[in-house]
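Asker: First the structure, then my questions, so here it is.
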Amino acid sequence: MKYSFKTAEQLLKLCKKHNLPISLIAKRYEAERCDKPIATVRRKMKQARDAMYEAVRKGIKSDEKTETKMTGGDAKNLFKQLNNLRNMMGNKVTVRAMAYATAVGEQNANMGRIVAFPTAGGAGVIPGTLFSCAEHFHAGKRKLLRGMFTSAAIGLIIAEGATLSAAKGGCQAEVGAAVSMAAAGLTEMRNGTPEQCVHAAAMALKSYLGLVCDPLGGLVEVPCIKRNALGCMVAIGASDMAIAEVESYIPFDEVVGAMKEIAEIMSPKLRETALGGLAVTKTGIEIKRKLGLI
Amino acid sequence: MSTHSIFDIAGPIMVGPSSSHTAGACKIGQYARALFHKTPKKVTFYLHGSFGEVYKGHATDRALLAGVMKFRTSDTRIKTSFDIAKEKGIAYKFIKKDLGAKCHPNTVKMVLESGKEKMTITGSSIGGGMIEIVKLNNFEISLKGVAGKYLSLVVSHDDNPEIIVKLGKKLKALGLKIANIESTSYKKKTLSVLSIEGKRITIPEAKEMETIEGVDFVRALTKIDN
Ligand code: SF4
């Protein structure tokens, strides 16, 4: 295997050796792994991109509330603000990113079709961040795919070194991982170097270490959808920092190691069981009661 | 080599709300259906850990059942799988159960029945829609549902190395290479999981392999969505 990697260190070495960006290493890794032509790998990623686009498109127009009535319609509210940016502190890019991320989160909560990139709970961050930024710099579809491949490469390193399962690692493994991945993907779309991409990923992930999974009633709605929206802001911020040549003092692989260690000491009550944190607040208990869980 | 595909991370394309509790559950159901090899008349699901705590809100139940009916993870009919199962005359039951501390928190034990035939399959959803089948009847196995160039052939047979040799010959005749074999034994029976490289194995081809003496069944897990 010429393009195999499990850590950021190995990935960066491959980038250097072949003088290629992360996205192309990821693409070649996959082609080699499945013994399929690069074109097939690209086509598969395009399907993911199109499915994400559909979820965004549907979500920003939808008023539909979920069965619990906890969420729904916020993507539309946010998207409307694009006509009223004076009212906002963030700019067009960040407000749109939050609208898109919310759109995907709301579709997901309503059993609509989304792409679990890397998981369904964190599925809003990558389309939110990458689509909104791509629109801003009029990036072609090709560039968007590059961002997606780079994001996936970072996700793979997290899956190898820690986990992407909230049941094992809490929300740091879902939204945290997604933000880290989006930060790297965005940085490559901005022509950042592979090192800068990894620094962006590290800075983003560090901000999410220890985040617990405590969804109300065990449903992927509250706080999940809003965590996705706000995650885009961190991803964009981390990418900006990396482009400004701010570096993570702790290498990415060590951050992933820390995430793994935290996952191991995190109480099971805070790992997708809805037995701790926000899930057992007064409001959380009310929801549980309503759902007949207690 | 990393065990993960880029598309284990950038995917699956799925119906929400949870990759581990909905898409992963659907995939475990698909594997169970493929191993059982027919539509069961009755399925009982024992839900462990987080699966047991929060299955309702994540539609884990609907997704498991949808998988047993061969629906893909992106099939929006998952939402109505209870009704569809009723139409098809499949009886189903969900029971919360502690399957032991060794199990991954997202684990389900399924008992599939059809007349006299019965099979017990335990599977875990290990994150991002990736799954692992950890037990089939009494055999502890490790069958990972990740996208890749290998396909798995699950063979139940008597404790006799000759059988694998014969099987190898048949596979070779079909132009297939065995990349890896993992076997577990229990009471004079062996379950082998073969990783195969090459083309897909058709149902008649698998049936033909079942004619080898001492072989109970052969299941080619090729049509599972990844
Ligand atoms: S709180 Fe839990 S269910 Fe919600 S996004 Fe985070 S990890 Fe996923």
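Asker: Hey, which aspartates and glutamates would be in cross-link range of B:Lys88, C-alpha to C-alpha under 16 Å, not counting anything within fewer than 8 residues on its own chain?
Answerer: By straight Cα distance, B:Lys88 reaches B:Glu113.
Asker: At a 1.4 Å probe radius, carbon and sulfur cover how many percent of the accessible area of chain A?
Answerer: C and S atoms contribute 54 percent here.
Asker: Right, next: Before anything else, pin down the relative contact order of chain A: Cα pairs under 8 Å, at least 6 apart, normalised by residue count, whole percent. Please list the in-between numbers first.
Answerer: Working: 557 pairs, mean separation 55.4, N = 294.
Over chain A, the number comes to 19 percent.
Asker: Could you compute the FRET efficiency for A:Thr283 and A:Glu64, with r as their C-beta to C-beta distance and R0 at 30 Å, rounded to 0.05?
Answerer: Computed FRET efficiency for A:Thr283 and A:Glu64: 0.85.
Asker: Another one. Run the numbers for A:Met89 and A:Gln47: contour at 0.36 nm per residue of separation, minus the present Cα-Cα distance, in nm. Please list the in-between numbers first.
Answerer: Details: separation 42, 0.36 × 42 = 15.12 nm, distance 3.45 nm.
So the chain would gain 11.7 nm between A:Met89 and A:Gln47.
Asker: Still on this model: For B:Glu117 and A:Leu82, FRET efficiency with R0 = 51 Å and r from the beta-carbon atoms, rounded to 0.05?
Answerer: Computed FRET efficiency for A:Leu82 and B:Glu117: 0.30.
Asker: OK, next. Taking N as the number of residues in region A:41-153, what is its Cα Rg relative to 2.2 N^0.38 Å?
Answerer: Against the empirical 2.2 N^0.38 Å value, I get 1.04 for region A:41-153.
Asker: Averaged across the residues of A:161-170, what count of C-beta atoms belonging to other chains lies within 10 Å of each residue's C-beta?
Answerer: Average neighbour count from other chains, rounded to a whole number: 6.
Asker: Continuing with the same structure: Calculated from DSSP H runs of 4 or more alone, at -39500 (n - 2.57) each and per residue, what is the 222 nm mean residue ellipticity of the protein assembly as shown, nearest 500?
Answerer: Details: 20 runs with 239 residues, N = 520.
Value at 222 nm, helices only: -14500 deg cm²/dmol.
Asker: Set the bar at 31 Å for Cα to Cα. Now go through B:Lys79/B:Lys199; A:Lys141/B:Lys199; A:Lys61/A:Lys290 and name every pair that lies beyond it.
Answerer: From the list (B:Lys79/B:Lys199; A:Lys141/B:Lys199; A:Lys61/A:Lys290), the Cα-Cα distance tops 31 Å for B:Lys79/B:Lys199; A:Lys141/B:Lys199.
Asker: So, one more: Sort B:191-201, A:199-209 for me by packing, meaning the mean count of neighbouring Cβ atoms within 10 Å per residue, highest on top.
Answerer: In descending order of packing, they fall as A:199-209, B:191-201.
Asker: Taking N as the number of residues in chain B, what is its alpha-carbon radius of gyration divided by 2.2 N^0.38 Å? Before the final figure, lay out the partial values.
Answerer: Details: Rg = 17.1 Å, N = 226, 2.2 N^0.38 = 17.3 Å.
My calculation over the Cα atoms of chain B gives 0.99.
Asker: Next up: Could the peptides A:80-93, B:153-166, A:138-151, A:53-66 be put in order, highest first, of the mean number of other beta-carbon atoms found within 10 Å of their residues? Provide the component values of the computation, followed by the final result.
Answerer: Details: A:80-93: 11.7, B:153-166: 16.8, A:138-151: 20.8, A:53-66: 18.4.
Ranking the peptides A:80-93, B:153-166, A:138-151, A:53-66 by packing returns A:138-151, A:53-66, B:153-166, A:80-93.
Asker: Let me ask you something else. To the nearest whole number, what is the average tally of beta carbon atoms from other chains within 10 Å of the beta carbons of peptide B:44-54?
Answerer: 4
Asker: Which distance in nm do the two modelled labels at B:Lys187 and A:His18 give, with both placed 7 Å along the Cα-to-Cβ direction?
Answerer: Roughly 5.1 nm, to one decimal.
Asker: Can you compute the modelled spin-label distance between B:Arg200 and B:Thr44, with each label point 7 Å from Cα toward Cβ, in nm?
Answerer: Reported label-point gap for B:Arg200 and B:Thr44 is 3.4 nm.
Asker: Let me ask something additional. Before anything else, pin down the relative contact order of chain B: Cα pairs under 8 Å, at least 6 apart, normalised by residue count, whole percent.
Answerer: Computed over chain B, the figure is 21 percent.
Asker: Please compare each pair in B:Lys116/B:Lys187; B:Lys86/B:Lys188; A:Lys6/A:Lys269 to a cut-off of 32 Å on the Cα-Cα distance and tell me which ones are over it.
Answerer: Exceeds cut-off: B:Lys86/B:Lys188.
Asker: Now a separate question. Per the 1.4 Å probe, what fraction of the accessible area of region B:87-172, in percent, lies on carbon and sulfur atoms?
Answerer: The nonpolar share, carbon plus sulfur, comes to 49 percent.
Asker: Let me confirm one metric for peptide B:125-133, namely the mean number of other chain beta-carbon atoms within 10 Å of its residues' beta-carbons.
Answerer: Mean partner shielding for this stretch: 5.
Asker: Enumerate the aspartates and glutamates that B:Lys144 could reach by cross-link, defined here as Cα to Cα under 20 Å, with residues fewer than 8 away along the same chain left out.
Answerer: A:Glu30, A:Glu32, A:Asp35, A:Glu160, B:Asp8, B:Glu132, B:Glu182, B:Glu197, B:Asp225
Asker: Output the DSSP H helices from chain B with an along-axis C-alpha extent of no less than 30 Å and a mean Kyte-Doolittle hydropathy no less than -0.5. Intermediate values should be presented prior to the final figure.
Answerer: Working: long enough: none.
TM-like helix candidates: nothing returned.
Asker: Over 29 Å between C-alpha atoms is what I'm after, so list which of A:Lys16/A:Lys206; B:Lys56/B:Lys207; A:Lys76/B:Lys96; A:Lys69/B:Lys70 land there.
Answerer: B:Lys56/B:Lys207; A:Lys76/B:Lys96; A:Lys69/B:Lys70
Asker: Hey, how much of the P(r) for the protein assembly as shown falls beyond 46 Å, as a percent of Cα pairs?
Answerer: Working: 14849 of 134940 pairs.
When every Cα pair of the protein assembly as shown is considered, 11 percent fall beyond 46 Å.
Asker: Please list A:267-280, B:113-126 highest first by mean number of surrounding beta-carbon atoms within 10 Å per residue.
Answerer: With the highest mean Cβ count within 10 Å placed first, the list reads A:267-280, B:113-126.
Asker: Using just the alpha carbons, could you tell me how many Å³ per residue the convex hull of region A:8-290 encloses?
Answerer: Per-residue hull volume (Cα only) is 124 Å³.
Asker: Now, a different point. Counting heavy atoms of the protein chains only and a 1.4 Å probe, report the per residue accessible area for chain A as a whole number of Å². Walk me through the numbers before you get to the answer.
Answerer: Numbers: 12130 Å² over 294 residues.
On a per-residue basis, 41 Å².
Asker: Which value, in square angstrom to the nearest 100, describes the accessible area buried between chains B and A on both sides, using a 1.4 angstrom probe?
Answerer: 3700
The values are calculated or read from the model by the stated rules, or taken from the named source; none is laboratory data. Worth saying up front: this structure is predicted, and the values here are computed from it rather than measured. As a convention, Cβ positions derive from the backbone with ideal geometry for all residues, glycine included, and neighbour counts pool all protein chains shown. To get the accessible areas, we keep the full protein, side chains included, count just its heavy atoms, and leave off ligands, DNA and RNA. Shrake-Rupley method; radii C 1.70, N 1.55, O 1.52, S 1.80 Å.
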